[in-house]
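Note sheet for the following structure.
The values are calculated or read from the model by the stated rules, or taken from the named source; none is laboratory data. Bear in mind that the values here come from a model prediction, so they are computed numbers and not experimental data. Using ideal geometry, Cβ is built from the backbone for each residue, glycine included, and neighbour counts are taken over all protein chains shown.
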Amino acid sequence: MTRILGVHGIGNHDPHRSAAEAAERLTATWRRHLTAGGAEVRPDDVRVAYWAHHLHRRRRQGPETDPHGLSPAELDVLAALVAEVDATAVRQGRLTLPLRQAIALLAARGGVTVPVMSAFVAVFCREVHAYLGHPDAPGRASARDSVAESITEHRPRVVIAHSLGSVIAYEALWSRPGPDVDLLVTLGSPLGLPSVVFERLCPAPRNGLGQRPPRVRRWVNLADPGDIVAIPRWLATKFTGVDTDREASIHSVDFHRVASYLRLPDLARAIAELG
């Protein structure tokens, strides 16, 4: 059977459980949705690497889902998203629209309500900045290293990485020698997002292109057309070595949730093709 390591995305910090307990809870969820989507996996074949606690070391005033407390650097992440919808709303990398209008713009693009997008934007901007805001940030190193250690320990044939988790998995696969991975699947990935992600990757892109990580034999990228995080949806325009780059509609009002991505027939087929 196929050993699978999942790398979760944003919004999975669980302050009420230990890291091991949070990983077990996510593992059960991912296994359930993969099975519902038609992937043939045994219980012991699936594990999720939990990294969120590494980015939440400091206690923040106010709820994580309130965008009104975003710092200027975190607002730069929002500006990068908005620029893909309406470049006139951003000038020299800075958001020119009021916060409420910027979020309404993204809500219309994602097909969700403004309150839903507001909470999503707050979490996404904070976690992306916490990871990528500084190359030497301790949270970045520890999150990346924890995923790299999970890859070494679990020795998966398949790594499935969602959202910001695809950025962490990408860097982890580059960071140290490790086992061969037959298949890397990125879901709703912001790896190519200009300014706040793509140019800050480690290793840095060369001549405007990133590369498939070493020891990864095949790379499949799946993105919902309405997923505002998957910018650009076609990662092959930014990275060499992407073997399959596909739009896959996951839900009309649920543009980014991992549960819907894990149930995609495209994902089950990619796993089944390994034999």
I'm trying to understand the selection: among the residues of segment 185-234, which are closer than 22 Å to A141 by Cβ and of a type in the set (A, V, I, L, M, F, W, C)? L191, L193, V196, V197, F198, L201, C202, A204, V216
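Would you check if there is a residue in segment 194-207 being in contact (Cβ under 8 Å) with a residue 24 or more places away in the chain and assigned to a helix (DSSP H, G or I)? Don't jump to the end; show me each part of the working.
First, the residues of segment 194-207 that are in contact (Cβ under 8 Å) with a residue 24 or more places away in the chain: 194-198, 200-203, 205.
Narrowing the set further to residues that are assigned to a helix (DSSP H, G or I) leaves 198, 200.
Yes, the conditions are met somewhere in segment 194-207.
Run down A89, A79 and say which single residue is at pLDDT below 90 and either of a type in the set (F, W, Y) or touching a Leu at 6+ places or on another chain (Cβ under 7 Å) (or both). Steps first, please.
Working: A79 fails: at pLDDT below 90.
When all the criteria are applied, what remains is A89.
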If you go through segment 143-192, how many residues are in a strand (DSSP E or B) and charged (D, E, K, R)? 0
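Within segment 66-86, can you find the residues that are among the small types (G, A, S), in a helix (DSSP H, G or I) and within 15 Å of V196 (Cβ to Cβ)?
The answer is A73, A79, A80, A83.
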Out of A73, A119, report the one residue that is within 22 Å of H162 (Cβ to Cβ) and either surrounded by 13 or more Cβ atoms within 10 Å (Cβ to Cβ) or outside the structural domain of I231 (by TED's automatic domain parsing) (or both). A119
Give the residues of segment 126-144 that are more than 17 Å from A204 (Cα to Cα) and surrounded by fewer than 17 Cβ atoms within 10 Å (Cβ to Cβ), sorted by residue number. P138, S142
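Can you tell me which residue within segment 210-230, out of those that are surrounded by fewer than 21 Cβ atoms within 10 Å (Cβ to Cβ) and either of a type in the set (A, V, I, L, M, F, W, C) or at pLDDT below 90 (or both), is nearest to S166 (Cα to Cα)?
Initial filter on segment 210-230 (surrounded by fewer than 21 Cβ atoms within 10 Å (Cβ to Cβ)): 211-212, 214-218, 225-226.
Then keep just the ones that are either of a type in the set (A, V, I, L, M, F, W, C) or at pLDDT below 90 (or both); that gives 216, 225-226.
Working: V216: 14, P225: 18, G226: 18 Å.
Going through the qualifying residues, I end up with V216.
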Within segment 154-173, is there a residue that is in the same structural domain as A39 (by TED's automatic domain parsing), over 14 Å from the mean Cα position of the chain (by Cα), β-branched (V, I, T) and surrounded by fewer than 20 Cβ atoms within 10 Å (Cβ to Cβ)? no
Within the bounds of segment 41-50, is there any residue that is among the charged types (D, E, K, R), assigned to a helix (DSSP H, G or I), modelled with pLDDT under 95 and surrounded by 13 or more Cβ atoms within 10 Å (Cβ to Cβ)? yes
Can you find a residue that is within 22 Å of S189 (Cβ to Cβ) and of a type in the set (V, I, T) anywhere in segment 68-80? yes
Tell me yes or no: at least one residue of segment 238-257 is assigned to a helix (DSSP H, G or I) and modelled with pLDDT under 95. no
Which members of segment 1-52 meet the condition of being within 29 Å of S249 (Cβ to Cβ) and of a type in the set (S, T, Y)? T2, T27, T29, T35, Y50
